[in-house]
């Protein structure tokens, strides 16, 4: 079946621009996670949704980062007034249920801020 | 193409040899551990997992060993193939965490020589 998909795959933004990154989880998956991966490093947790509820946003680096999942399916990660340090790959993962730990990752969106 | 392997520890093996990738985890309260494989330009791909009540778990060509005494995790790959070349990350989930967020290690680049 279809896996997690993300769009766009690549995004180039000028410093100060706003960007929106989309995640389509595996159909029926309850849990959705966003991670940030800097070049040469492991992914770092940003935020977590259970259905439409954002239960953990402790990893969001600043108030310029905002995520939503209004209907409990597709999620959008928005970054306002992008800075160069926001350049990274943004990964989305989903898992079938809140108590199931296996997370399935999408291909990521590579954001480059000039 | 882009590389996720910059500045990572590297393990170079010959095709057909067995590979052992090691990981030290930090949280003694973690109860779930996962190995992910990440190829260049792709998201992490689940390989195998193990819970803290186990010492060993085997999959197809892969074995994960967990030593809770020294907080050490290893991934063994039998008969390594060129297609195994990638960055390998261990990840842990702290016990009792409400979000099941993953905490990733640094990663190891596995280079398989034909």
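Values in this text are rule-based calculations from the coordinates and carry no lab data. Since the model is a prediction, treat every value here as computed from it, not as a measurement. Here the Cβ is made from the backbone with ideal geometry for all residues, glycine too, and neighbour counts use every protein chain on show.
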- Item | For A:110, A:69, order by how many other beta-carbon atoms lie within 10 Å, fewest first | A:110, A:69
- For the peptides A:46-57, B:18-29, what is the packing order when you average, over each peptide's residues, the other Cβ atoms within 10 Å and list the highest mean first? A:46-57, B:18-29
- Query: Which order results if B:72, A:29 are arranged by neighbouring Cβ count within 10 Å, fewest first?
  - Reply: B:72, A:29
- Message: Taking each residue in A:105-111, count the Cβ atoms of any other chain within 10 Å of its Cβ, then average. What number comes out?
- Response: 3
- Message: Using the basic label-point model (7 angstrom from Cα toward the beta carbon), what is the residue B:70 to residue B:24 distance in nanometres?
- Response: 1.0
- Please list B:81-90, A:13-22 highest first by mean number of surrounding beta-carbon atoms within 10 Å per residue. B:81-90, A:13-22
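Can you give the mean number of other chain Cβ atoms that lie within 10 Å of the Cβ atoms in peptide A:47-58? Write out the running numbers ahead of the final one.
Values: counts 2, 5, 1, 3, 0, 0, 0, 0, 2, 5, 1, 2.
Mean shielding count: 2.
Give me a single rounded figure for B:100-110: the average over its residues of other chain Cβ atoms within 10 Å of their Cβ. Mind showing how you got there, number by number?
Details: counts 12, 12, 10, 4, 7, 2, 3, 5, 0, 1, 0.
Average per residue, whole number: 5.
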- In a solvent-free Debye calculation with one equal scatterer on each Cα, what is log10 I(q)/I(0) for the protein assembly as shown at q = 0.12, 0.16 Å⁻¹, listed in the order of the q values? -0.65, -1.13
- Task: Between residue B:10 and residue B:46, with labels modelled 7 Å along Cα→Cβ, what's the label distance in nm to one decimal, could you check?
- Result: 3.2
- Item | Separation in nanometres of the label points that stand 7 Å from Cα toward Cβ, at residue A:114 and residue A:64 | 1.7
- Message: When a/c reaches 1.5 or more, the comparison of a/b and b/c decides; with that in mind, is chain A rounded, prolate or oblate per its Cα gyration tensor?
- Response: prolate
- Task: Give the Rg/Rh ratio for segment B:27-66, taking Rg as the radius of gyration of the Cα atoms and Rh as the Kirkwood radius, to two decimals.
- Result: 1.03
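Give the calculated FRET efficiency between residue A:80 and residue A:27 to the nearest 0.05, with a Förster radius of 41 Å applied to their Cβ-Cβ distance.
Values: r = 30 Å, r/R0 = 0.73.
Calculated value: 0.85.
What FRET efficiency, computed as 1/(1 + (r/R0)^6) with R0 = 25 Å and r the Cβ-Cβ distance, is obtained for residue B:113 and residue B:60, rounded to the nearest 0.05? Spell out each step's value before the answer.
Details: r = 22 Å, r/R0 = 0.90.
Rounded to the nearest 0.05, the efficiency is 0.65.
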- Item | Relative contact order of segment A:6-114, pairs being alpha-carbon contacts under 8 Å that are 6 or more residues apart, as % | 37
- Relative contact order of segment B:53-114, pairs being alpha-carbon contacts under 8 Å that are 6 or more residues apart, as %: 25
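What ranking do A:74-86, B:46-58 get when scored by the average of other Cβ atoms within 10 Å per residue, highest first? Write out the running numbers ahead of the final one.
Numbers: A:74-86: 16.4, B:46-58: 14.2.
Put in order of decreasing packing, that is A:74-86, B:46-58.
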- Query: With a ≥ b ≥ c the root eigenvalues of the C-alpha gyration tensor of segment A:12-65, is it rounded (a/c under 1.5), prolate (a/b larger than b/c) or oblate?
  - Reply: prolate
